[in-house]
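Working notes for the structure below.
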Amino acid sequence: MPRSRSHHLHLPNYTFDDSKNMKLLYAIRIVRDLVNKMAMIFLPIFLFSIGSETNFLKYLPYSDFQRGMLAIAIYYVVVGLIGFLVGVPSGKALGKIGYQRSFVISFMLRTLMFIFLFAAKQNPFYLWFAMTIDAVNSTMFWGGYFSILSKTANQKNIGKDLGLLQFLLQIVAVVSPAISGAIAYFVGLEYLFLIGMILTLLSSVLALMMDVELHENSISFDEFLSWIKEKRFLQLAIAYSGKHINDTVIYLWPLYVFFLLGSVDRVGYLYTLSLFLAMFMTFFIGKFIDRYRNKKPLYFSGGLLSLLWIVRTQVFSIWNIALVDTFDRLATNVYSLVFDTIFLGRGKGHSSDKYFVYLEMVLSINRVIFWSGFGLFFIFFSSWNSIFIFAGVAVLVSLLVSDKKTGYV
């Protein structure tokens, strides 16, 4: 049931859904994000070092820089391919074994993934196991996560729910990159994966505490093909892929900053600074979104994000990077909340499992295409400018998202 809570400092009442499952889902997502900010944020740097400094791709006639970039591309191409192949089986598992068991299996696999990533520092061959497991665990988690969130959240409060969740995620994100950057600098990147392993085990405990009703589904590959042929779903899939490309290049941004600053701990400190400056605006955006249901904030913030990708091609100093990152966080807070409110609102109903599973399969295809292009690009070029401009265009494509059922036009 929604509940009003008053805050100190004379802040307005903030209403959100706080049922048991929602609180546990928030906790699971917060822990997962903590893992991402502590460990996964540095995965591109780790993969680059594996490709450029070890014998993982030594047989290829390229420079160390190119082999480092190819190692990143290969990892996520494999994740995309396997993610697509296991999309239907993992979706069916939601209806047969339930959300909680699917979550627990996902977290156990993710724990194993971190073990293999840690071992890959000594033997890069273990990367093949890590990328395979990464694909399966991600596919099993996200379809169920979004399905529960869309079913449990009250339609009228969905913006507030997402706003609160994003605010909590940013509190976690404010300090974790700086801490993990310092750990990586003093003892090594691979030790961050041990922290990720421990926190992921905690997620399994939280998942077991959930009480979500089992919903059978009829997910199939043939039905996926029929959904893709439907015009409205295809438009949504294209828009969702555009947002995913923006998120992917943002994920690569710390690697670019690492090249500029030359130190992994500085990357963590800088990321923390920009997140801290942008955090507090998020708390009030969700209430605004629920009150004014139109896409003007999405268009404005998406346009700003697209512009910032062009600006990124011209920033080289630490303070300019921090300033651009701060504006990016502010714009992303609005952009992601409006986009996700539309995206989740459209998934409510009896077909929510199918809706989110099929969208995850689309994203797997998107990963294969993007990362294949990424790898090929850095075989022939060394400049990041084209990648940033491509991300700016992808943001504009994501603005195609629409759903008249939720009132957004």
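The values are calculated or read from the model by the stated rules, or taken from the named source; none is laboratory data. Being a predicted model, the structure only gives us computed values, none of them experimental. Quick reminder, even Gly has a Cβ in these numbers, built from the backbone with ideal geometry, and neighbours come from all protein chains shown. Please note that ligands, DNA and RNA were not included when accessible areas were found on the heavy atoms of the full protein model with its side chains. Shrake-Rupley method; radii C 1.70, N 1.55, O 1.52, S 1.80 Å.
Note that segment 44-55 has calculated 3J(HN,Hα) couplings of x, 5, 4, 5, 4, 5, 4, x, 8, 10, 10, 8 Hz, one per residue in order, obtained from phi through the Karplus relation 6.51 cos²θ - 1.76 cosθ + 1.60 (θ = phi - 60°); glycine and proline are x.
The residues of segment 50-169 present an accessible area of 36 Å² per residue when probed at 1.4 Å with all protein chains retained.
The spacing between segment 331-374 and segment 79-158, judged by their C-alpha centroids, is 15 Å. Hey, for a label at LEU396 modelled as a point 7 Å past Cα toward Cβ, could you say which residues of segment 297-334 have their backbone N under 11 Å away? Taking a point 7 Å out along Cα→Cβ of LEU396, the residues of segment 297-334 whose backbone N falls under 11 Å are 303, 306-307. The orientation-averaged shadow of the Cα convex hull for segment 292-367, equal to a quarter of the hull surface, comes to 6.6 nm². A straight chain from ASN385 to ILE250 at 0.36 nm per residue would run longer than the Cα-Cα distance by 47.3 nm.
Hey, which of these cross-link pairs are over 24 Å Cα-Cα: LYS37/LYS243; LYS37/LYS354; LYS151/LYS354? The pairs that break the limit, which is 24 Å between Cα atoms, are LYS37/LYS354.
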